[in-house]
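Colleague: Structure below; questions to follow.
The values are calculated or read from the model by the stated rules, or taken from the named source; none is laboratory data. In this text, all values refer to a predicted model and were calculated from it rather than measured experimentally. Don't worry about glycine lacking a Cβ; one is built from the backbone with ideal geometry, like all the others, and counts go over all protein chains shown. Calculation scope for accessible area: heavy atoms of the full protein, side chains included, ligands and nucleic acids excluded. Shrake-Rupley method; radii C 1.70, N 1.55, O 1.52, S 1.80 Å.
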Amino acid sequence: MRLLHTSDWHLGRSFHRESLHDAQHAFLDHLVDVVRSEGVDAVLVAGDVYDRALPSLDAVALFDDVLHRLAELQVPTVFISGNHDSARRLGVGAGLIGRAGIHLRTDPGECAEPVLLADEHGPVAVYGLPYLEPTLVRERFGLAKGGHAAVLGAAMEQVRADLAARPEGTRAVVLAHAFVTGAAASDSERDIAVGGVAAVPASVFDGVHYAALGHLHGCQTLAPHLRYSGSPLAYSFSEARQRKTMWLVDLAADGAVTAERVDCPRPRPLATLRGTLAELLADEQHTEHEQSWVQVTLTDSARPSEPMEQLRRRFPHTLQLLFDPEDGGAEPSRSYASRVSGRGDLEIAEGFLRHVRPGAEPEPDELGWLREGFEHVRTDADRKADLPR
């Protein structure tokens, strides 16, 4: 069975205020072409279909269009909701849409109810595990406490129990939206937990033949049966060197996996440039980046006059400007954005406490209160996103 594994579309997202609507449309065109040309038997979309719980009308239109096109090809497609999606909104009409072969798995109570596919070698059970926010789903899984590892482990126990009751030789595929230990993150992913408790061990997925993972934006292989497809487009300059792809996965009769990467169309190259303003405006080695989306870090000791205007004369698509004087000069410090880039909410809060109380580390009770506060805010936002309006 040939599977196409993708995730983290983030429909409706912009890139430093640059619209990505046309680029996302081009990607979905490409996806449909690959399904058609490569003889794909099923499409797996491992969460974060949208960039926000209340997506724009343009984003919804893109999703609606690709659903119709995949249904016309009569290729079964399985979606799960991610931490950016509103599970209830994404799952509206799931029963009806499922009759067209488009399966929306957004309900944690359906983790052990697979989409059943088959090829000449027998059945393939595809289990869709939506993003599981621990505070909201613990009771469903009979847990009094525990984080992401606990709730995902409980969901996988249900999957293994269901699989054990199926005919011998049934191959199992799981979609999950999670941060698996050992994987590499990017700046553009929203933190899904506080204090590092987001990570789940790879062993959680023992017992299945392929785990199609979403959430992290870089394509990566943790094991032959355990892979992230990554996002189809770059959503931060930290992804400038990433090759954006989907996985074309062949599942053999015995469940063995072979996979190859299929490149996604790139709307525009990304470049991160560093130097003084004079160097960047004159150096010929930067000619190749003149039509790229550009992030510039200026190292001048004093802030130049109208630097963005000058840079855009040579690099018209300069989107982000940072300052980091190499000699300390007249620039007092790096920008706040550069200092907190890539840091989670709790880490930023801890840094603030150290800043206002030099030499004093946060007390354990203080860290506990911060974790509790951030978790309350995050889960409250998730609840509000799923409330009817």
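Colleague: Within the accessible area of segment 1-90, what % is carbon and sulfur when the probe is 1.4 Å and the other protein chains stay in place?
Modeller: Working: 1590 of 3500 Å².
The C+S portion of the solvent-accessible surface of segment 1-90 is 45 percent.
Colleague: Let me ask something else about it. Using only the C-alpha atoms of the chain, find the volume of their convex hull and express it per residue in Å³. Walk me through the numbers on the way to the answer.
Modeller: On the way: hull volume 62.4 nm³, N = 389.
Per residue, the Cα convex hull of the chain comes to 160 Å³.
Colleague: If you roll a 1.4 Å probe over the heavy atoms of the protein chains, what accessible area per residue do you get for the chain, in Å²? Don't skip to the end; give the middle numbers.
Modeller: Working: 18340 Å² over 389 residues.
Solvent-accessible surface per residue comes out at 47 Å².
Colleague: Tally Lys and Arg at +1 and Asp and Glu at -1 over the other residues with C-beta under 13 Å from the C-beta of R36: what net charge comes out?
Modeller: Working: positive: R2, R69; negative: D29, D33, E38, D41, E72.
After counting each charged neighbour, the total is -3.
Colleague: Once label points are set 7 Å from the Cα along Cα→Cβ at both R274 and R313, what is their separation, rounded to one decimal in nm?
Modeller: The two pseudo-label positions are separated by 2.6 nm.
Colleague: For the pair A118 and A61, what calculated FRET efficiency results from E = 1/(1 + (r/R0)^6), where r is the Cβ-Cβ distance and R0 = 51 Å, to the nearest 0.05? Write down the numbers at each step before the final one.
Modeller: Values: r = 33 Å, r/R0 = 0.65.
Given R0 = 51 Å and the Cβ-Cβ separation, E is 0.95.
Colleague: Roughly what % of DSSP beta bridges within the chain run antiparallel, to the nearest 5?
Modeller: Working: 21 of 61 bridges.
Among the beta bridges of the chain, antiparallel pairing accounts for roughly 35 percent.
Colleague: Also, quick follow-up: So for segment 36-94, what are the equivalent ellipsoid semi-axes in whole Å, largest first, each being the square root of 5 times an eigenvalue of the Cα gyration tensor? Write down the numbers at each step before the final one.
Modeller: Numbers: eigenvalues 94, 32, 19 Å².
In descending order the semi-axes read 22, 13, 10 Å.
Colleague: Also, I was wondering about something else. Where does segment 227-331 land on Rg(C-alpha)/(2.2 N^0.38 Å)? Provide the component values of the computation, followed by the final result.
Modeller: Values: Rg = 19.3 Å, N = 105, 2.2 N^0.38 = 12.9 Å.
Dividing the Cα radius of gyration by 2.2 N^0.38 Å gives 1.49.
Colleague: While we're looking at this one, here's another question. Return an integer: the convex hull volume of the alpha-carbon atoms of segment 1-76, in Å³ per residue.
Modeller: 85 Å³
Colleague: Shifting gears a bit: Could you give the nm distance between label points at A302 and E168, where each point is 7 Å from its Cα heading toward the beta carbon?
Modeller: Reported label-point gap for A302 and E168 is 8.3 nm.
Colleague: Percent antiparallel among DSSP beta bridges with both residues in segment 1-133, to the nearest 5?
Modeller: Numbers: 7 of 20 bridges.
Taking every DSSP beta bridge within segment 1-133, about 35 percent pair in antiparallel fashion.
Colleague: Grab the eigenvalues of the alpha-carbon gyration tensor for segment 53-192, scale each by 5, take roots, and send me the semi-axes largest first in whole angstrom. Before the final figure, lay out each step's value.
Modeller: Working: eigenvalues 115, 106, 39 Å².
So the three semi-axes of segment 53-192 are 24, 23, 14 Å.
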